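The values are calculated or read from the model by the stated rules, or taken from the named source; none is laboratory data. Everything numeric here is computed off the predicted structure, so don't read it as measured data. No Cβ is skipped: glycine too gets one built from the backbone with ideal geometry, and neighbour counts run over all protein chains shown.
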2 protein chains.
Amino acid sequence: MFNNFTFHNPVKLIFGKGTIAQLPKNIAAGSKIMLTYGGGSIFKNGVYDQVTEALKGYDIIEFGGIEANPTYETLMKAVELAKKENVNFLLSVGGGSVLDGTKFISAAIPYEGEDHWELVLNSSKIGEVVPFGDVLTLPATGSEMNYYAVISKKETKEKKGMGGFKLYPKFSILDPETTYSLPKKQVANGLADAFTHVMEQYMTYPVGAMIQDRFAESILQTLIEVAPDAMNKEDDYESRANYMWAATVALNGLINLGVPTDWATHQVGHELTAFHGIDHARTLAIVLPHLLTYKKDKKRGKLIQYGKRVWNLLGSDDEIVDMAIRKTAEFYESLGIPTKASSYGEINEETVKMLKQRFVERGMNFGENADITPDDIAKIMEMSMA
Amino acid sequence: MFNNFTFHNPVKLIFGKGTIAQLPKNIAAGSKIMLTYGGGSIFKNGVYDQVTEALKGYDIIEFGGIEANPTYETLMKAVELAKKENVNFLLSVGGGSVLDGTKFISAAIPYEGEDHWELVLNSSKIGEVVPFGDVLTLPATGSEMNYYAVISKKETKEKKGMGGFKLYPKFSILDPETTYSLPKKQVANGLADAFTHVMEQYMTYPVGAMIQDRFAESILQTLIEVAPDAMNKEDDYESRANYMWAATVALNGLINLGVPTDWATHQVGHELTAFHGIDHARTLAIVLPHLLTYKKDKKRGKLIQYGKRVWNLLGSDDEIVDMAIRKTAEFYESLGIPTKASSYGEINEETVKMLKQRFVERGMNFGENADITPDDIAKIMEMSMA
């Protein structure tokens with residue numbers, strides 16, 4: 001039976017065409033706002049103009065240049081600027097990386113400790129935060145409706161998650177039209193990221209959580225169904241809207257209520273990005289199908305359920321297990337994302353050694369049964385490299 | 001395409017065995033609490049003891065006797081008592097009726113107008129409220145995670161909905177074990193009520209809202225699947241937990257995001273309860289199957305989708321439409337709830353006349369296309385009485 005749980009998600013999620021205009025209804029008049037963004041795509045796709053138009057009359061400063069996999073080093077510059085300027089509201093405009101970075105900034109501004117990296121290493125140190133909201137332009141991470149952030153440190157090649165109730169956005173504005181200008185590769189990555197989030201909260205062992213399971217399957221089916229149009233028709237509102245909403249509910253705390261989860265794929269993926277700079281979503285595709293094969297006996301019950309319900313597979317249970325894993329790999333491949341580490345030139349035997357070392361240092365196992373050891377991770381990587 | 005929407009549901013939902021013990025973590029120390037409850041079942045099933053044990057040290061008064069279909073007349077007595085005793089927190093212990101009544105009390109205590117019934121007739125009059133939480137013992141109405149309440153007035157035989165952001169509970173505690181002592185008839189009613197809530201947000205016309213549709217179908221499938229065990233095995237935690245969580249997500253604002261809805265069944269059902277005192281859930285079963293038959297051309301697209309996905313029906317589209325409606329009626333019947341008005345002795349030609357008159361007075365049509373007139377409602381009732 002599924003475990004006890006608490007669901008408490010106060011994010012105001014504002015979804016649809018033209019909703020950027022609702023910004024002033026959601027930020028107190030007189031706020032001193034720091035606008036955070038990434039590499040400048042918001043200037044090309046009209047989002048910056050929409051935001052500044054909506055925020056006429058507010059006192060605004062800007063901090064751009066937050067990179068994909070936002071770094072502590074960059075973000076601390078934003079913290080300094082925000083303190084100097086007495087910023088009291090942060091508005092993230094961009095994708096999950098900008099938003100994750102903004103979450104860190106929000107906690108780091110009031111932090112009085114000496115080393116702000118501690119906020120990443122130890123989420124219990126998160127105290128007061130500067131309130132923040134976001135305009136999301138890239139559906140993928142689910143950060144818009146959860147309290148997690150993933151932050152990297154260049155100096156030590158680390159990439160780590162932080163989280164806590166105070167890191168929920170006050171509001172998130174999701175206008176599917178802001179995704180029209182995304183490069184196809186980013187849409188593919190977003191679909192893969194969202195798909196993997198669901199799989200990691202679902203593909204464990206059955207505990208009779210019927211709603212959680214069926215909601216997870218609903219999201220997977222939706223992502224599979226919309227992927228071709230979302231990828232290939234850049235101004236198709238329907239597929240972009242469904243993709244965007246699917247990515248949000250994939251990681252807003254709804255499908256993992258009381259159920260076991262297996263975040264090993266994300267854990268390994270973060271290290272691959274930290275070592276080699278490979279796109280986050282691509283690192284997940286390198287790991288998940290091989291992890292499923294390696295753990296197919298332990299995940300058998302759920303693999304069969306997934307094969308039947310999500311992929312409508314017929315056959316013996318053994319056949320369904322294997323086909324379900326193959327279908328999973330094929331889904332990533334259909335997005336143009338290779339699922340073999342051997343397709344990524346950066347990954348070699350040295351990578352596997354470093355990976356194993358990182359997991360040995362952490363001194364804990366991963367997976368829903370806490371039985372994925374550093375050795376297992378090395379074996380999964382070797383399967384991916386074969 | 002589905003419409004723009006805002007999702008903002010700040011309820012802290014605490015779910016599972018033994019969670020009543022978490023009450024003190026969720027009510028400020030020193031609060032003056034008014035415990036509200038119904039006919040006294042909480043004394044027999046141990047819930048009252050668990051609640052008072054958890055709340056040792058708080059200053060508590062009690063107001064019992066809130067009836068099914070809570071009445072303005074009863075609730076105003078609670079308002080007087082709460083004002084006299086300077087209550088600053090309300091704790092509803094019971095089912096949806098007690099909770100709905102508590103929502104009214106919370107808004108009515110600070111209300112300064114002359115006629116508190118105005119709060120029901122015109123939700124914009126809801127101002128400040130006394131904060132409240134609940135321990136839910138009967139899964140059905142979804143009130144634990146939404147901001148609606150349905151209140152009746154004895155004097156005029158009225159039953160009406162009120163709602164507003166301030167009527168979200170601060171927290172809701174759902175322990176499936178508290179349902180073990182429910183009479184079978186109440187479990188049946190709860191399953192029927194939750195099922196109908198989903199149908200009224202889903203059975204309209206398709207707008208390409210893939211997540212909303214699939215989540216709705218997930219809840220319907222779960223209710224259908226757990227119904228036999230939930231009905232017949234009074235201490236089966238798994239079926240009770242799934243039923244309880246299904247009833248919550250059936251009406252917490254998730255499945256109706258941006259999609260058309262058709263609340264005609266509830267509208268008619270409320271009148272049938274107001275006239276004759278028939279159980280709420282039973283009034284829904286009297287209406288919905290016949291409404292679906294009457295409107296089967298307008299609802300055709302969704303009926304086919306529902307038939308295929310929820311009931312796994314095969315056949316021609318025409319056959320699936322008819323079978324899907326029949327399956328719906330059979331589901332109610334399987335709960336021991338008749339779907340023909342003719343099975344309820346109270347309903348007669350006079351009822352239909354009064355019903356029609358009520359809807360004429362409202363001066364508006366119902367249904368997702370606003371094309372269900374008072375005449376249509378009379379015809380649907382006649383189908384049910386045939």
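Here is how the numbers come out for the structure above:
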item: Top-ranked residue in the range B:267-296 [being small (Gly, Ala, Ser) and surrounded by 21 or more Cβ atoms within 10 Å (Cβ to Cβ); ranked as farthest from B:Gly161 (Cα to Cα)]; result: B:Ala285
item: Residue in the range B:150-170 that is part of a helix (DSSP H, G or I), touching an Asp or Glu at 6+ places or on another chain (Cβ under 7 Å), over 20 Å from B:Leu272 (Cβ atoms) and not assigned by TED's automatic domain parsing to the domain that holds B:Val249 present; result: no
item: Residue count, the range B:17-33 (criterion: in contact (Cβ under 8 Å) with a residue 60 or more places away in the chain and over 29 Å from A:Lys170 (Cβ atoms)); result: 3
item: Enumerated strands (runs of 3 or more DSSP E) restricted to the range A:1-66, each holding at least 3 residues that are within 14 Å of chain B (Cβ to nearest Cβ); result: A:5-7, A:12-15
item: Qualifying positions in the range A:204-218 - facing another protein chain (nearest Cβ under 7 Å) and part of a helix (DSSP H, G or I); result: A:Met210, A:Ile211, A:Arg214, A:Phe215, A:Ser218
item: Test: residue in the range A:211-219 that is of a type in the set (A, V, I, L, M), buried (at least 24 other Cβ atoms within 10 Å of the Cβ) and more than 26 Å from A:Asn3 (Cβ to Cβ); result: no
item: Cβ-Cβ under 8 Å pairs, at least 6 apart or on other chains, the range B:117-146 side at positive phi, far side in a helix (DSSP H, G or I) and hydroxyl-bearing (Ser, Thr, Tyr); result: B:Gly142/B:Thr248
item: Looking only at the range A:300-351, and only at residues there that are over 23 Å from the mean Cα position of the chain (by Cα) and in a loop (DSSP other than H, G, I, E, B), the one that is nearest to A:Met383 (Cα to Cα); result: A:Asn348
item: Tally of residues being part of a helix (DSSP H, G or I) and buried (at least 20 other Cβ atoms within 10 Å of the Cβ) across the range B:232-266; result: 14
item: Some residue of the range B:97-105 being in contact with a strand residue (DSSP E or B) (Cβ under 6 Å, 6 or more places away or on another chain), in a strand (DSSP E or B) and either basic (Lys, Arg) or closer than 28 Å to B:Leu182 by Cβ (or both); result: no
item: Pair list, Cβ under 7 Å, 6 or more apart: the range B:349-373 residue under 14 Å from B:His266 (Cα atoms), other residue β-branched (Val, Ile, Thr); result: B:Leu355/B:Val268; B:Leu355/B:Ile377; B:Phe359/B:Ile377; B:Asn365/B:Ile372; B:Asn365/B:Thr373; B:Phe366/B:Ile372; B:Glu368/B:Thr204; B:Glu368/B:Thr261
item: Any hit, the range A:75-89, residues being surrounded by fewer than 23 Cβ atoms within 10 Å (Cβ to Cβ), within 16 Å of the chain's Cα centre (by Cα), part of a loop (DSSP other than H, G, I, E, B) and at pLDDT 95 or above; result: no
item: Close pairs from the range A:208-219: first in contact (Cβ under 8 Å) with a residue 40 or more places away in the chain, partner in a helix (DSSP H, G or I) and surrounded by fewer than 24 Cβ atoms within 10 Å (Cβ to Cβ), Cβ under 6 Å, at least 6 apart; result: A:Gly208/B:Glu238; A:Glu217/A:Arg309
item: Residue that is assigned by TED's automatic domain parsing to the domain that holds B:Phe366 and in contact with a Pro (Cβ under 7 Å, 6 or more places away or on another chain), where the choices are B:Lys302, B:Lys296; result: B:Lys302
item: Scope the range A:187-202; condition under 18 Å from B:Ser218 (Cα atoms) and either more than 14 Å from chain B (Cβ to nearest Cβ) or β-branched (Val, Ile, Thr) (or both); matching residues; result: A:Val198, A:Met199, A:Gln201
item: Test: residue in the range B:57-64 that is under 22 Å from the mean Cα position of the chain (by Cα) and of a type in the set (A, V, I, L, M); result: no
item: Test: A:Gln221 is closer than 19 Å to B:Leu220 by Cα, in the same structural domain as A:Val321 (by TED's automatic domain parsing) and in contact with a Leu (Cβ under 6 Å, 6 or more places away or on another chain); result: no
item: Selection from the range A:59-91 of residues that are in contact with a Leu (Cβ under 9 Å, 6 or more places away or on another chain), farther than 21 Å from A:Thr156 by Cα and free of Cβ contacts under 8 Å to residues at least 60 places away in the same chain; result: A:Ile60, A:Ile61, A:Glu62, A:Phe63, A:Gly64, A:Ala82, A:Val87, A:Leu90
item: Filter pass, B:Ile14 being crowded, with 18+ Cβ neighbours inside 10 Å, more than 30 Å from A:Ser239 (Cβ to Cβ) and over 25 Å from the mean Cα position of the chain (by Cα); result: no
item: Residue, nearest to the chain's Cα centre (by Cα), within the range B:124-149, restricted to residues that are hydrophobic (A, V, I, L, M, F, W, C) and assigned to a strand (DSSP E or B); result: B:Ala149
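Residue by residue, here is whether (1) within 14 Å of another protein chain (Cβ to nearest Cβ); (2) within 14 Å of the chain's Cα centre (by Cα) holds:
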site: A:Ile224; (1), (2): yes, no
site: A:Ala230; (1), (2): yes, no
site: A:Arg240; (1), (2): yes, no
site: A:Leu251; (1), (2): yes, yes
site: A:Leu257; (1), (2): yes, no
site: A:Asp262; (1), (2): no, no
site: A:Gly269; (1), (2): no, yes
site: A:His276; (1), (2): no, no
site: A:Thr293; (1), (2): no, no
